[in-house]
Amino acid sequence: MSKVVEVSPTTRHEGHSKLVLKVNDDGIIERGDWLSITPVRGIEKLAIGKTMEQVPKIASRVCGICPIAHTLAATEAMEASIGCEIPEDAFLLRLMLQCANRLHSHALHNILTLPDMYIPGTDTKINPFTPEEPVRSVAKRIQTLRMVGQTIGEIVGGEAVHPSNPRVGGMYKNITPRARAKVIDLAKMALPLAREQMEFMIAVLRNYQKRDWAEVGGKEIPIPKDLGYHNQGYMAADPVYGSSSLDETPGWFPERWTEVRPWDWYMGEEEITLEDPSYPVGGTTKAGTKAWPQMEACTGVPLYDGQPVEVGPRARLVQFKNYDEKGAIGLQIARQMEYMDSVYKIIEAADALDCSASVLADVIPQGDGSVGWAANEAPRGCDVHLAKVRNGKVEYFSMLVPTTWNFPTCSRALTGAPWQLAEVVMRAYDPCVSCATHMIVVDEDRRLVAEKLLE
C-alpha cells in the first residue's frame with residue numbers, strides 16, 4: 001500500500017517549493033508532485049496599462065538571480081509586438097549580457113549542488129564553505145567566475161542585477177572602447193578558470209554516478225543508475241541566445257503551447273502517512289498532516305505539443321548538439337558544458353562590437369495590439385514572454401519562465417527514485433521558483449484558484 005511523504009520546504013534553490021511523494025513499502029517513489037508554494041507574484045497583472053518601457057523593468061523584479069533574462073525577454077516581446085528591429089551592435093551588447101548572466105548563474109548553482117556530492121575517492125561530502133583544500137580553491141574559483149559575470153553585466157547592462165541599459169529599440173548607450181577592452185580582459189581571465197571548473201564539476205558528478213549509495217539523514221540510500229530519468233520532450237529556442245516572432249526562422253512556436261490548470265495535473269487531497277525526523281533540514285512533514293497539491297500549486301502547467309518538456313542546458317545540447325545523456329546527473333553535466341561557450345561568446349561579441357555605432361533603432365513604433373513573443377535562453381532554460389502593445393501601452397503580458405516549464409517534467413522524473421533523493425533530482429533543474437509563481441489562475445467561471453494563498 002502506498003504511503004505519502006512530504007518534503008516542505010525544499011532547500012538549496014531560489015524560492016519556496018515542496019515535494020509530495022507517493023512511495024511504496026521500499027520507499028521508492030511511485031508518483032511525485034513538485035510544486036511552488038511561493039506567494040503569487042502578480043507581474044502579468046501589474047503590467048497591464050503600463051508603458052512598454054516600464055514592463056521589462058517590472059518583469060525583472062520577479063527574481064534577483066535571473067533578472068537579465070527577464071529584462072531581455074520582456075524587452076524583445078515588446079519589440080516583437082510593435083515590429084521593431086534593433087541594430088546589430090545592440091544585439092551584440094545583449095549577447096554579452098546574456099552570456100555573463102549564464103556564467104554567473106551556473107557558478108552559483110555549483111555552490112548549491114556540491115553539498116550533495118562527494119570528494120572523489122572518499123565518502124566525504126563536499127562542504128563548499130570549508131577552509132580546507134581541495135574545496136577552498138574550488139570555492140574561490142566559483143566566486144571569481146561569479147565576479148566576472150557580474151562585472152561584465154554591470155559594464156554592459158548598467159547594473160549587475162537589474163540591468164538598466166536595455167530598452168525597447170536596443171540599448172540606451174553603447175560601451176566605450178576602454179569598457180570593451182575591460183570586458184575582453186575579464187573574459188580571457190575567466191577562460192582557464194571556466195575550464196578548470198567544468199572539469200572539476202564533471203569529475204565530481206561522474207563520481208556520484210559511480211557510487212552505490214548516498215548518505216541522507218545518517219542513512220545510506222541506494223543511488224539508482226537511472227536517477228531522474230524521464231520520457232518527456234525537450235524545448236530550446238536557440239543554442240545560446242534566443243528567438244522572437246520577428247525572426248525569419250523562429251525557434252519557438254506559440255501554436256504548440258497549451259496550458260492546463262493545477263487541479264488537472266497535480267494530486268488531490270492526501271494525508272501524510274510517512275514521516276522521517278532525521279531527514280535534513282528539520283525532518284519531513286508530520287504524519288496526519290493534509291496535503292492538497294491541486295490547490296496549493298500556484299502556477300499553471302505549460303505543455304508543448306501536448307506534453308511536459310524539459311528546458312535548460314540539456315535541452316539546448318539535445319536540440320542543437322546531439323547530447324544524449326539522461327538523468328539528473330546528465331542534466332548537471334550538460335550545465336557544466338556551457339561554461340566555455342559562455343566565455344567564448346562574450347569574447348566574440350566584444351571583438352565584433354563597434355563602440356562608435358548606434359545601438360538604438362531609428363524608428364520605434366508604438367504598436368497596434370499585435371501579439372509578439374520572445375523566447376530567451378536563460379541559464380535555467382527557455383524563458384518565453386508574450387505581449388500586446390498598443391499606442392505604447394501594454395494590453396497583455398505573459399511570462400512562461402524556465403521553472404514553470406520544468407515543474408511537471410521534474411515531477412515525472414522523480415518516479416523510481418528513493419524518496420530521500422528527490423531533492424537531488426529537483427536541484428538538478430536549478431529551480432528559480434519565484435520566477436514561476438507570478439500568475440493567478442482562474443477557472444472557466446472566473447473563480448480564483450488557491451485563493452487562500454492571497455489571504
- Task: Select from segment 301-331 the residues that are closer than 16 Å to GLY251 by Cβ and basic (Lys, Arg) and list them in ascending order.
- Result: ARG316, LYS321
- Mind telling me which of the residues SER356, SER342 ends up being small (Gly, Ala, Ser), open to solvent by 60 Å² or more (accessible area, probe 1.4 Å) and either under 19 Å from ALA90 (Cα atoms) or touching a Leu at 6+ places or on another chain (Cβ under 8 Å) (or both)? SER356
- Quick one: is ILE333 open to solvent by 10 Å² or more (accessible area, probe 1.4 Å), at pLDDT 95 or above and either closer than 30 Å to LYS22 by Cβ or of a type in the set (Val, Ile, Thr) (or both)? no
- Message: I want to confirm something. Restricting to segment 45-68 and keeping residues that are closer than 19 Å to LEU97 by Cβ and among the small types (Gly, Ala, Ser), which single residue is surrounded by the most Cβ atoms within 10 Å (Cβ to Cβ)?
- Response: ALA59
- Note on the structure: Checked segment 126-150 for anything within 21 Å of the chain's Cα centre (by Cα) and under 24 Å from ALA181 (Cβ atoms); matches are GLN143, LEU145, ARG146, MET147, VAL148, GLY149, GLN150
- So is ARG12 under 30 Å from GLY369 (Cβ atoms), under 19 Å from the mean Cα position of the chain (by Cα) and surrounded by fewer than 24 Cβ atoms within 10 Å (Cβ to Cβ) or not? no
- Can you name every residue in segment 69-91 that is within 23 Å of the chain's Cα centre (by Cα) and surrounded by fewer than 24 Cβ atoms within 10 Å (Cβ to Cβ)? PHE91
- Elements of type strands (runs of 3 or more DSSP E) in segment 205-253, at least 2 residues being touching a residue at least 40 places away in the same chain (Cβ under 8 Å) and open to solvent by 60 Å² or more (accessible area, probe 1.4 Å): 219-222
- Query: Taking segment 18-64 on its own, how many of its residues are of a type in the set (D, E, K, R) and farther than 30 Å from PRO224 by Cβ?
  - Reply: 7
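Within segment 333-376, how many residues turn out to be among the charged types (D, E, K, R) and in a loop (DSSP other than H, G, I, E, B)?
3
The values are calculated or read from the model by the stated rules, or taken from the named source; none is laboratory data. What you see is a predicted model, and the numbers here were worked out from it, not measured in a lab. Glycine gets a Cβ as well: all are built from the backbone with ideal geometry, and neighbour counts include every protein chain shown. Quick note on the areas: whole protein, heavy atoms, side chains included, nothing else; ligands and nucleic acids left out. Shrake-Rupley method; radii C 1.70, N 1.55, O 1.52, S 1.80 Å.
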